[in-house]
Amino acid sequence: MKDRYLCIHAHFYQPPRENPWLEAIEIQDSAYPYHDWNERVTAECYAPNAACRILDGEKKIIDIVNNYSKISFDFGPTLISWIEAKVPHLYRSIQAAEEETCKRFGGHGAAMAQGYNHMILPLANARDKATQVLWGIRDFEYRFGRYPEGMWLPEGAVNLETLEMLAAQNIRFTLLPPHAAKQVRPIGKREWKDVSGARIDPSRAYLVNLPSGRSIVVFFFDGPISHAVAFENILMRGEDFAQRLVGGFSDTRTWPQLAHIATDGETYGHHRAHGDMALSYALRHIEDQKLAELTVYGDFLEKHPPTHEVEIVENTSWSCVHGIERWRSNCGCNSGRPGWNQEWRAPLRAAFDWLRDTLTPKFELAAGGLFSNPWQARDEYISVILRRSRDSSSHFLQKQAAHELEDCEKVQALKLMELQRHLMLMYTSCGWFFDELSGLETVQAIQYSGRAVQLAQTLFNDLKIEEEYLNKLAVAQSNIPDQGDGRKIYETFVRPAMIDLHKVGAHYAISSLFESYAPHSQTYCYQIHQEDHTVLSSGKSRVSFGRIRITSDITLESARVTFGAVHLGDHYVTGGVREFTDDKAYKDTAARITQAFESGEFTDLIRAIDVAFGSGSYSLKWLFRDEQRKILQIILNSAIGEAESSYRQLYDSRAPLMRFVAAHGMPLIRHFQAAAEVTLNAELRRAIEAEHVNVDLVRALMEEVRAVRIELDATTLEFTLRRKLEIMAEQWEAQPCDLEKLASLDAAVKLALSFPFEVRLWEIQNAYHSVLVSSSNNGHGPGCDLPEWNQSFRSLGEQLGMRMS
């Protein structure tokens, strides 16, 4: 173990998925049963690595550990900002791991910074490179409370100018693939050794002397082992993983060795199921057997500074054998769809470059009248992005403005900053990585460009920008004939997604037919102040009208609007929004709508709304996606209830016959089988969702399922039962001595284990382990010494697969 160090680096990243106008991720059906892919990957990878199981030979849980405290890692700023907002306990676990490693390694932490929104830096202009590096540093400082020593370059893409940007910001080191090394020599010697073709020794740190006179340290990770972890099956067994890792050492080396690898962090649990457990087992095995000393790059660098210098191969990356061509040409790197090409990559980048370069002088001219230094203001705008609030925006403007700004100027100033933000977001690497122009990631990048176009039109009063930009996009051709080209994709996916304050008002108007709003409410990144609101109901018909003020949290832009909407049953919803003019006109409109509704003259009602607000402009399709789903579910509930009732009657009347047919091995009649599937799945779901799970009822329903041999909706039922168990576990963890809560949870877990599909008990195991550790740390039980409690506690542990002493 002496002078043998091991470091595993995990690059955690997801493409930004937020709607550029809402600053939030909308529902993604492909991630079902989760809301979106961030949520799904968190459940499969990010969260499990913060509470990872160590199993013994009998596959019993003997410990739960935080993998982040044992490895080196970087989190994409756009991803970790989502984690901070949506999964705070995971965010705290990541911070705790960083704090722990700083203490263990004398101030050198596990975390590295990352270029802000995963832009391919060698393809960026110098100004964007600098901002991406600076924003990545500021994001890191905000989250971890220290200056980063190292920075991960998106896709490991590198050139000398990029390294100069890192060194200029006092970044000490970065991590590169081995084929990025060109030649090496001992420091102070003249003769170079050619190591191109990934022949560099990865076991030491190397110094890069830069043209400016600065220098930076580079670690080249072990390519073959990293590739095996990512693409082979060595994560199937923790022992195999450990042996492959220590295989990176060599007895022929006479210097302190660093064996280290780098992979996507998602490998450990998302790409490879239970990869997190292989990681934790391998690290524990290596430590227990004293095969190597775990370290992080900053710690190794302090103990063993570079003895060799290196020259790099410029414009290389870790996921394109052609360098950085994957992000600008049809280089041949793709996901393997036969018959497709990626000729669209070059014109897409050219269109983005044109948009950025066309808007730059316009930005400089407009921003020059508002900011002391527009580009310095852009660099400092990260302070607003990290802490979205009116106070944060005000503080930023006070520091950066050339003079005291009027309210309208503040809106203009913030819009200019948002313009720049979206002009960088559109270059996120995922826009070029995959096969098709109309793919989700590429459309997301085009949406960012669409937001930039919209801001530019309002800022510079130049409506020609969009048309000229679309002509550039039209050169990019889709592989799918129906999708056409970049222009058609923009028209199909981007323009309908564009939102202004009136569309926010329309959303409020239509959704107010189905739910109540407080006087002050929040709709994504918009604040709504309700000045007046009336809802009238009669049978299935409802009308809603009122006056509200809408304010963007992002730009502080505000509008006072009146609205009206009517629902006449089923999906027939229509409404409109207008700028508020005067109080008398509004009151006259309210009186006409009320009179028409109360008299039952719905034709007059719709006409009154049409005249006052421009009805027909908006309908259910204009609702933001999550709210649209929720309201459609409300509308469909009665129809679903009626259908389930009919199926229930058919099933009840024929259940004995169905059981007889099934018992004698005959195929069920399709109509009866459909009735049984709908009925039993619905009743199981309701029984699980009840305030108190009726275990006996669920068991009886499951017996019925087995008797008539119907197919369960396993995905929905598993997710429903899992969420119920998690709520029960959380309540018990808060009151561990509550025998009733403990017994109920024990019974519910036993029930879950009886289902013919696996129910994920990860959160319940975490709660149990937390109570167990708390009791051990206190030197006594959790406070309950009753025999019944001890019996249930032990039973629950056994059900959860815990090693019970």
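The values are calculated or read from the model by the stated rules, or taken from the named source; none is laboratory data. Please read all numbers here as calculations on a predicted model, not as lab measurements. Virtual Cβ from ideal backbone geometry, glycine too; neighbours counted across all protein chains shown. Side chains included, ligands, DNA and RNA excluded: accessible areas come from the protein's heavy atoms. Shrake-Rupley method; radii C 1.70, N 1.55, O 1.52, S 1.80 Å.
Backbone amide hydrogens, once placed in the peptide plane, bring MET802 within less than 5 Å of ILE61, excluding anything fewer than 5 places away on its chain. Count Lys and Arg as plus one, Asp and Glu as minus one, and take only other residues whose Cβ is under 9 Å from that of ILE120; the net charge is then +1. Ligands, DNA and RNA aside, ASP36 has an accessible area near 10 Å² when probed at 1.4 Å. Each peptide in 689-702, 80-93 was scored by the mean count of other Cβ atoms within 10 Å over its residues; highest first, the order is 80-93, 689-702.
In the context of the full protein assembly, THR254 retains an accessible surface of approximately 130 Å², using a probe radius of 1.4 Å and ignoring ligands and nucleic acids.
When the pairs LYS182/LYS303; LYS503/LYS630; LYS86/LYS540; LYS129/LYS472; LYS59/LYS750 are compared against a 30 Å limit on Cα-Cα distance, LYS86/LYS540 fall above it.
When log10 I(q)/I(0) by the Debye sum over Cα atoms at q = 0.05, 0.06, 0.10 Å⁻¹ is calculated for this entry, the matching label among (1) -0.27, -0.39, -1.04; (2) -0.39, -0.54, -1.10; (3) -0.33, -0.48, -1.25 is (3). Of all aspartates and glutamates in the structure, those lying under 16 Å Cα to Cα from LYS415, and not within fewer than 8 positions of it along the same chain, are GLU23, GLU364, ASP379, GLU380, GLU406, ASP407, ASP462, ASP500, ASP553, GLU557. Estimated from helices alone, the mean residue ellipticity of the chain at 222 nm is -15000 deg cm²/dmol (sum of -39500 (n - 2.57) over DSSP H runs with n ≥ 4, per residue). Maximal additional length on extending the ASP570-HIS692 stretch stands at 40.6 nm, based on 0.36 nm per residue less the C-alpha distance. Accessible area per residue for the chain is 43 Å², calculated with a 1.4 Å probe on protein heavy atoms, without ligands, DNA or RNA. If the segment from GLN289 to LYS621 were pulled out straight at 0.36 nm per residue, it would be longer than the present Cα-Cα gap by 113.4 nm.
Across all Cα pairs in the range 248-335, the calculated P(r) in 5 Å bins from zero up to the longest distance comes to 2, 10, 12, 16, 17, 15, 15, 10, 3, 0 percent per bin.
In the chain, the portion of solvent-accessible area held by carbon and sulfur atoms comes to 50 percent [1.4 Å probe, whole percent, DNA, RNA and ligands not counted].
Listed peptides 101-114, 347-360, 516-529, 240-253 appear in the order 101-114, 347-360, 240-253, 516-529 once ranked by packing, highest mean of other Cβ atoms within 10 Å at the front.
Rounded if a/c is under 1.5, else prolate if a/b beats b/c, else oblate: with a ≥ b ≥ c from the C-alpha gyration tensor eigenvalues square-rooted, which is the range 1-145? Taking the square roots of the gyration eigenvalues as a ≥ b ≥ c, the range 1-145 is oblate.
A 1.4 Å probe over all protein chains sorts SER30, SER544 by accessible area into SER30, SER544, starting with the largest.
Ranking of VAL611, VAL217 by solvent-accessible surface, largest first: VAL611, VAL217 (1.4 Å probe, protein heavy atoms only, all chains present).
Computed 3J(HN,Hα) for the range 234-245, one whole-Hz value per residue from the Karplus formula 6.51 cos²θ - 1.76 cosθ + 1.60 where θ = phi - 60°, is 6, 8, 5, 9, x, 5, 4, 4, 4, 5, 5, 5, glycine and proline marked x. Report note on the peptides 56-68, 167-179: ranked by the mean count of other C-beta atoms within 10 Å, highest first, their order is 167-179, 56-68. Each residue was assigned an accessible area with a 1.4 Å probe, and for HIS322 the value is about 90 Å².
Considering only beta bridges that DSSP places wholly inside the chain, some 65 percent are antiparallel. Residues MET417, MET277, ordered by accessible area of protein heavy atoms at a 1.4 angstrom probe radius and largest first, appear as MET277, MET417.
In terms of the Cα gyration tensor, with a ≥ b ≥ c the square roots of its eigenvalues, is the range 104-204 rounded because a/c is under 1.5, prolate because a/b exceeds b/c, or oblate? Oblate, since a/c reaches 1.5 and b/c is not below a/b.
Largest first, the three principal axis extents of the alpha carbons in the range 228-374 are 64, 48, 30 Å in whole numbers.
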